[in-house]
Amino acid sequence: MDIGALNAIARKMVTRGKGILAADESSGTIKKRFDKIGVESTETNRRDYRELLFRSREGMKYISGVILYDETIRQKAKDGTPLVKLIEEAGAVPGIKVDTGAKPLALSGGETITEGLDGLRERFVEYHKLGARFAKWRATYDPTGGRPSYNCINANAQALARYAALAQENGIVPIVEPEVLMDGDNDIEACERVTEWVLKETFQQLYYANVAMEGMVLKPNMVISGMKCARQAGVEEVADRTVAVLKRCVPAAVPGIAFLSGGQSDEAATAHLNAMNARHPNLPWALTFSYGRALQAAPQKAWSGKSENVPAAQAAFAHRAHMNGLATTGQWKPDLEKKAA
Ligand code: 13P
C-alpha cells in the first residue's frame with residue numbers, strides 16, 4: 001500500500017473551498033428524483049442530466065471529487081467524451097459507489113447491513129482502470145425506538161473496514177460513510193449518543209483491518225434533531241455538538257471529513273457546515289461537504305428534463321456549489337442566498 005499516494009488523493013478531495021458532489025444515485029434512487037420533476041428515467045436522460053452537471057464550468061470550480069454510480073462511470077457524453085474525462089478536465093477526482101445497498105440484517109428487527117463485499121477486489125481493479133481514485137460505502141443506522149443494536153453497529157463497522165482495506169490495497173481512497181439517519185422523531189441527544197458509538201466502533205474495526213487513517217475520508221451525518229422531533233436544535237448547537245463528537249472519535253491523521261446532507265434543506269446543510277468552520281477554525285481535519293440532495297435538488301428542478309433549461313440548471317448547481325464552497329471556510333452568509341433568489 002502506497003500511503004503517500006493515497007494521502008495525496010484524500011487531501012485533494014478535501015481541498016479548502018471545495019467539496020464532493022455525490023452523483024452516485026442508484027437506478028432506483030435517481031428514478032425517484034426524476035419522478036419528482038416529471039422526467040422519465042432512461043439511460044439517455046440520466047446521462048444528459050449528469051453531463052450538464054459535469055460540464056458546469058462555474059459549478060465545478062467548487063467540486064473536488066464526484067461520486068459516480070456503476071452505469072455513469074462507463075457512460076460517454078453526447079459528443080463521445082467519457083464522463084470520467086469531463087470530471088478530470090474540470091479538476092475533480094472521479095469516484096465510485098461500490099456498496100450494493102442496505103439489506104435486512106438477519107434476526108435484528110428490521111435493521112440493515114450494507115452488502116457488496118463479494119468480488120469487490122476484482123471490481124476495484126476494474127474501477128481503477130476506468131479512472132476511479134476513490135470509492136464510497138454507506139451504512140445506515142436508525143436511532144429511534146431503542147435502536148441501533150450493537151449487532152447492527154458491529155456488523156456494519158466490520159463491512160466498512162473490509163471495504164476500506166480492499167480499496168486501499170487497490171490504490172483507491174475509501175470514503176467511509178456511517179450514516180445515522182435524520183428522518184425520525186429522535187432528539188439531538190439520541191443522535192449524538194448513537195453517532196459517537198457508531199464512530200467509535202467504526203474506527204476500532206478500521207484499526208483491526210489495518211486501514212491507513214492518512215488515506216481515507218470520513219463521511220458522517222451531522223449531529224442533528226430528527227426531522228420529526230418537536231425540538232429542533234439551532235445551527236450553532238448542531239455545529240458544536242457535531243464537532244465535539246468528531247473530536248472524541250476521529251483520529252487527527254484522517255485528512256478530512258465530508259458530511260452527507262441526509263435530507264436537510266439546501267440552506268440548512270450549508271449553514272451547519274459554515275457554522276462548524278466559522279466556530280471551530282483550528283481542527284485537525286478539513287470539514288467539507290459530500291452532498292447529494294443538497295447540491296442537486298435545485299438544478300434538477302430547474303432542468304426538468306428540457307434541454308433549453310440546461311443553462312438555468314447549471315446556474316442553480318453553481319450557486320449551491322459556491323455557497324457550500326464558502327461554508328468550508330466559514331465565509332458563507334445568509335444574505336448571499338437572498339441576492340441570488
Ligand atoms: P445526501 O447528501 O443526499 O444525503 O447524499 C449523500 C450520499 O452520498 C448518501 O450516501
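Per-structure values
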{"read-out": "Charge-dipole axis of the chain as Lys and Arg at +1 and Asp and Glu at -1 on Cβ define it, positive-most pick from TYR163, ALA286, VAL211", "value": "ALA286"}
{"read-out": "Dipole magnitude of the chain, debye to nearest 20 (Cβ charges: Lys/Arg +1, Asp/Glu -1, about Cα centre)", "value": "720 debye"}
{"read-out": "Lys, Arg +1 and Asp, Glu -1 on Cβ, resulting dipole of the stretch 178-329 about Cα centre, debye, nearest 20", "value": "220 debye"}
{"read-out": "Two-site label geometry, SER27 and LYS103: point separation in nm, points 7 Å out along Cα→Cβ", "value": "1.8 nm"}
{"read-out": "Sorted by Cβ neighbour density within 10 Å, fewest at the top, the residues THR114, THR15, THR288", "value": "THR15, THR114, THR288"}
{"read-out": "Percent of alpha-carbon pairs separated by more than 23 Å within the stretch 198-304", "value": "33 percent"}
{"read-out": "Stretchable slack from GLN232 to ASP185, in nm (0.36 nm times residue separation minus alpha-carbon distance)", "value": "15.9 nm"}
{"read-out": "In order through the stretch 71-86: 3J(HN,Hα) via Karplus (6.51 cos²θ - 1.76 cosθ + 1.60), integer Hz, x for Gly, Pro", "value": "4, 6, 5, 9, 7, 10, 5, 3, 8, x, 6, x, 4, 4, 5, 4"}
{"read-out": "Pairwise FRET efficiency - GLU126 versus ARG248, Cβ, R0 = 35 Å, nearest 0.05", "value": "0.40"}
{"read-out": "Tensor-based shape of the stretch 1-137 (alpha-carbon gyration tensor, a/c under 1.5 rounded, otherwise prolate or oblate)", "value": "oblate"}
{"read-out": "Point-to-point label distance, LYS338-ASN210, nm (Cα→Cβ direction, 7 Å offset)", "value": "5.7 nm"}
{"read-out": "Built amide H within the under 5 Å cut-off of ILE113, gap 5+", "value": "LYS103, LEU105"}
{"read-out": "Kirkwood-Stokes translational diffusion coefficient of the stretch 83-229, alpha-carbon pairs, 4 °C, 1.567 mPa s, µm²/s", "value": "81 µm²/s"}
{"read-out": "Inter-site label distance for LEU117 and GLU58 at 7 Å from Cα along Cβ, in nm", "value": "4.7 nm"}
{"read-out": "Electrostatic dipole magnitude of the stretch 65-205 [Cβ: Lys, Arg +1; Asp, Glu -1; Cα centre; debye, to 20]", "value": "640 debye"}
{"read-out": "Protection-proxy order for peptides 74-83, 60-69, 94-103, 246-255, each taking the mean of Cβ atoms within 10 Å per residue, highest first", "value": "60-69, 94-103, 246-255, 74-83"}
{"read-out": "Euclidean distance between Cα centres, the stretch 311-341 to the stretch 235-255, Å", "value": "24 Å"}
{"read-out": "The stretch 100-158 - Rg over Rh from alpha carbon coordinates, Kirkwood radius", "value": "1.09"}
{"read-out": "Restraint check, LYS61/LYS228; LYS200/LYS301; LYS97/LYS301, Cα-Cα greater than 31 Å", "value": "LYS61/LYS228; LYS200/LYS301"}
{"read-out": "Residue order, fewest to most surrounding Cβ atoms within 10 angstrom, among VAL223, VAL211", "value": "VAL211, VAL223"}
{"read-out": "Theoretical ellipticity at 222 nm over the chain - DSSP helices of four or more residues, -39500 (n - 2.57) apiece, nearest 500", "value": "-14500 deg cm²/dmol"}
{"read-out": "Burial ordering of MET213, MET276, MET227, fewest other beta-carbon atoms within 10 Å first", "value": "MET227, MET213, MET276"}
{"read-out": "Volume in Å³ per residue [convex hull over Cα atoms, computed for the chain]", "value": "126 Å³"}
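All of the numbers you see were taken from the coordinates with simple rules; none came from a lab. Note that the coordinates shown come from a computational prediction; the quantities given were computed from them, not determined experimentally. All Cβ positions, even for glycine, are placed from backbone atoms using ideal geometry, and neighbour counts span all protein chains on display.
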